[in-house]
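Q: Before anything else, here's the structure in question.
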Amino acid sequence: MTRNFANWPIVLVLLIISTPIIIMYAFLVIDTVTTSPPGSAIPNGFTLSHWRFLIDPTATGDVWRPTLTTILFTASIVVIVLGISSTAGYALSRLNMPFRRYFLAVVLVMHAFPLVTLIIGVFLVLQFVGLYNTLTGVVLVKAGLMLPFGIWIMKGFYDTVPWEIEMAGVQDGASRFTVWRKLILPQVKPGLFALALFAAIDAWGEYMLPRILAPSADFEVLSIYLNTVSDPDSTTYNFNLFKSVGLFYTLPILALYAIFRDRLMNIFGGGTKG
Amino acid sequence: MQIVLKDFTKTFDGNTVIDRMNLTVRDGEMLALLGPSGCGKSTTLFAICGIHRVNGGQILFGERDVSNMPSQQRNVGVVFQNYALYPHMSVFDNIAFPLKVRNDSKADIARDVRTIAELTHIAELLGRRPGQLSGGQQQRVALARALVRKPDVLLLDEPLANLDAKLRLEMRSEIRRIQLETGITAILVTHDQVEAMSMCDRIAIMKGGQILQIDAPKDMYHNPRTSFVAGFLGNPPISFLDGRTMDGRFLDEGTGVTLPLPAGVTVANGTGLTVGIRPEHFGHAGDVPVRGKVVFAETQGRENLYDVALPNGALLRSVQPARDDVRPGDEVSWQLNSAAALFFTEDGRRL
């Protein structure tokens, strides 16, 4: 392959700009397995003691319960977002329903509101239906807030599937549901997959909603757990421990991202390959 | 199975696209719906398979009125212009899909798919994906899928439009062969007159939602009922001269061409007429000499095409066995076969 210009200046510039981030990440990893003298950033010894929280709940409280809660939280949101986006997106792309354009416009407007402007209304609704301070309530709110994005993305993917495939399926004797399930859904799989990843990453990192909508609940997600660990006023405060928990919390997302990077990019491609 | 459209009417958003059309497709025949784009031929096809709902009239498959039946119950096989193969399934699964939907047993499915794959000559491709096939092979798969559950009627929507010239020729005869071997009633929608004439038993020429004429290709060509039909069939197309009647003869005053009117036709003196002359009836054998200047010549190997401009600017086309003594710019006087001339009134009806 020939290029119009050399690569290395770009790489160099990007490297310089990213240096603080790289250093930060490097120390995030290094500090979790080393000790360093007070007042110095240079580590002087190797230790695994910062990872003791995985097996020893005395220092920070049990880490596995919040982890399980977060997995449940994330999984529920992914299931809800995928279920509703894949069906609603199909309906909006294909079915000739009343107020279709109006509905699409409203969905897009919903997407434009930042969370904080909606939080008071959401709070009131949750209070009213009795889901305030419950995991279910937070899951529903988080999933609901992601739906506009999900529906819109899935509609885009459905739009790229040729009409003729659907008509051919109907001619072959299949019901509309079978056509959707067996013929159309497989074509939008890249979109579903990317949307699932997006939803998972987003839900995994959610901090605000559990904090605001379930402040005194008996469950804890990892982001909240991390917050209690990092509280400088607490008796167990330890910066290296905080970093270890943080790394533990980030690793699944980094792994997801590293493994499925290509598929994630799909979401902006908006379609299947011919 | 015989297909009958009775007073079939279709409207889109209040616009009547097809108004009370009547059409009978005989059992086992292959009929072409031929016409320019927008003439309603695809609309008719989609109404027959149930994708469009009819707004009036009836569609009968044999004795069965299917007008208000959903597509799934009509038992129609359709080949779409872009084939609409299911890209995530193998060729086998594509063809088996209509049978799987019907809950046939695995053994039956395997047997039926194999039979139809052999008929369409794709038996060795069953394990592949549609994306790995050439256009002609995809077309065969689409045909196999449409035929596998033995439909009452096979509908083909511009099936050759996406193929290159050589494959088009091959698939033309292949589709016809498969249709004849299965004996299925078939309707072909096309805007290409060569396809319609070479593949079908009868042609229905459509324009503006109306069927202008239904006939066998040969009759349609030699005996068009209107000047539109005459102009639509034939390649290179027919050329027209305007003139009027004079003492029982046709006279084009601009060029002085005089032709006898067909026997048994009496038209008042001075009536405006149009005469159509097919290119094969001008240039070699004939009884009326016509003078003009060659303005265009094209060699096609076996034949040459010439455009001859008459003194008033009207054009006559000529097809002749290849010769190289005539060049653009030459003055020629060629014979016109008056017996084969087609006369039309000013509103386009044949005399």
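Every number in this text was worked out from the coordinates using simple rules, so none of it is lab data. Because the structure is predicted, anything quoted here is derived from the model rather than measured. All Cβ positions, glycine included, derive from the backbone under ideal geometry; neighbour counts span all protein chains shown.
Q: Within chain A, what's the longest stretch lacking trypsin sites (Lys or Arg not before Pro) that sit in DSSP loops with no more than 12 other Cβ atoms inside 10 Å?
A: A:4-272
Q: Please give the contour-minus-distance gain from residue B:340 to residue B:111: 0.36 nm per residue of separation, less the Cα-Cα distance, rounded to one decimal in nm.
A: Taking 0.36 nm per residue and subtracting the Cα distance, the gain is 77.0 nm.
Q: Let me ask something else about it. In whole Hz and in residue order, list the ³J(HN,Hα) couplings for segment B:207-212 that follow from phi through the Karplus curve 6.51 cos²θ - 1.76 cosθ + 1.60, θ = phi - 60°; x for Gly and Pro.
A: For segment B:207-212, the Karplus-derived couplings read 7, x, x, 10, 8, 7 Hz, x marking Gly and Pro.
Q: Here's another thing I want to ask about it. For residue B:20, list long-range residues whose amide hydrogen, built 1.01 Å from N in the peptide plane, is under 5 Å from its own amide hydrogen.
A: The list, which skips near neighbours in sequence, is B:9, B:10.
Q: Ranked by Cβ crowding within 10 angstrom, fewest neighbours first, how are A:102, B:86 ordered?
A: A:102, B:86
Q: Can you tell me the length gained on complete extension of the stretch residue B:6 to residue B:322, counting 0.36 nm per residue apart and subtracting the Cα distance?
A: Stretched fully, the residue B:6-residue B:322 segment lengthens by 108.9 nm.
Q: In whole angstrom, and with the biggest value first, how far do the Cα coordinates of chain A range along each principal axis?
A: Computed over the Cα atoms, the extents are 74, 64, 33 Å.
Q: A further question on this structure: Could you tell me the calculated FRET efficiency between residue A:129 and residue A:259, based on Cβ-Cβ distance and R0 = 25 angstrom, to the nearest 0.05?
A: With a Förster radius of 25 Å, E is 0.05.
Q: Something else about it: According to a simple spin-label model (label point 7 Å from Cα along Cα-to-Cβ), what is the distance in nm between residue A:208 and residue B:103?
A: A separation of 5.1 nm, rounded to one decimal place.
Q: Still on this model: Using the Karplus curve 6.51 cos²θ - 1.76 cosθ + 1.60 with θ = phi - 60°, what ³J(HN,Hα) values do you get for each residue of segment B:85-93, in whole Hz, with x for Gly and Pro?
A: 6, 7, x, 8, 10, 5, 4, 4, 5
Q: I would also like to ask the following. Report the calculated FRET efficiency for residue B:132 and residue B:253 (r = Cβ-Cβ distance, R0 = 56 Å), to the nearest 0.05.
A: Efficiency for this residue pair is about 0.30.
Q: Go ahead and run the numbers for FRET between residue B:293 and residue B:210, Cβ-Cβ distance against an R0 of 60 Å, rounding to 0.05.
A: 0.95
Q: Related question: Pull up all non-local amide H partners of residue A:238: gap of 5 or more, or a different chain, and H-to-H distance under 5 Å with H placed in the peptide plane.
A: Answer set, sorted by chain and number: none.
Q: Any chance you could check the Cα centroid distance between segment A:134-179 and segment B:303-351 for me, in angstrom?
A: 61 Å
Q: Next up: Take chain B, mark every one of the GluC sites (Glu not before Pro) that falls in a DSSP loop and has at most 15 other Cβ within 10 Å, then report the longest stretch left between them, sites excluded.
A: It runs B:64-252.
Q: Could you please state, rounded to a whole Å, how far the C-alpha centre of segment A:22-44 is from the C-alpha centre of segment B:41-113?
A: Cα centroid to Cα centroid, the span is 68 Å.
Q: Right, another one. Cut-off is 10 Å between beta-carbons; in what order do B:154, A:147 appear when sorted fewest neighbours first?
A: A:147, B:154
Q: Here's something else I'd like to know. Taking Rh as the Kirkwood radius computed over C-alpha pairs, what is the Stokes-Einstein D of segment B:3-228 at 20 °C in a medium of viscosity 1.002 mPa s, expressed in µm² per second?
A: Result for D is 119 µm²/s.
Q: Determine which lysines satisfy two conditions relative to residue B:100: a Cα distance under 24 Å, and not lying fewer than 8 residues away in the same chain.
A: Correct list for residue B:100: A:182, A:189, B:150.
Q: Report the gain in length on full extension from residue A:100 to residue A:36: 0.36 nm times residue separation, minus Cα-Cα distance, nm rounded to one decimal.
A: Length gained between residue A:100 and residue A:36: 16.9 nm.
Q: If you count, for every residue in A:157-168, the Cβ atoms of partner chains within 10 Å of its Cβ, what is the mean?
A: 4
Q: Under the Karplus relation 6.51 cos²θ - 1.76 cosθ + 1.60, θ = phi - 60°, what is the ordered set of whole-Hz ³J(HN,Hα) values for segment A:84-92, x standing for Gly and Pro?
A: Values per residue, Gly and Pro as x: 6, 5, 5, 7, 5, x, 5, 4, 6 Hz.
Q: Listing A:242, B:240, B:232, A:177 from the residue with the fewest other Cβ atoms within 10 Å to the one with the most, what is the order?
A: Ranking A:242, B:240, B:232, A:177 by Cβ neighbours within 10 Å, fewest first, gives A:177, B:240, A:242, B:232.
Q: Setting aside same-chain residues fewer than 8 positions from residue B:166, which lysines have a Cα under 26 Å from its Cα?
A: B:41, B:218
Q: Where is the GNM fluctuation largest for chain A (alpha-carbon springs, 10 angstrom cutoff): A:207, A:25, A:249?
A: Per the Cα network of chain A with a 10 Å cutoff, A:25 tops the list.
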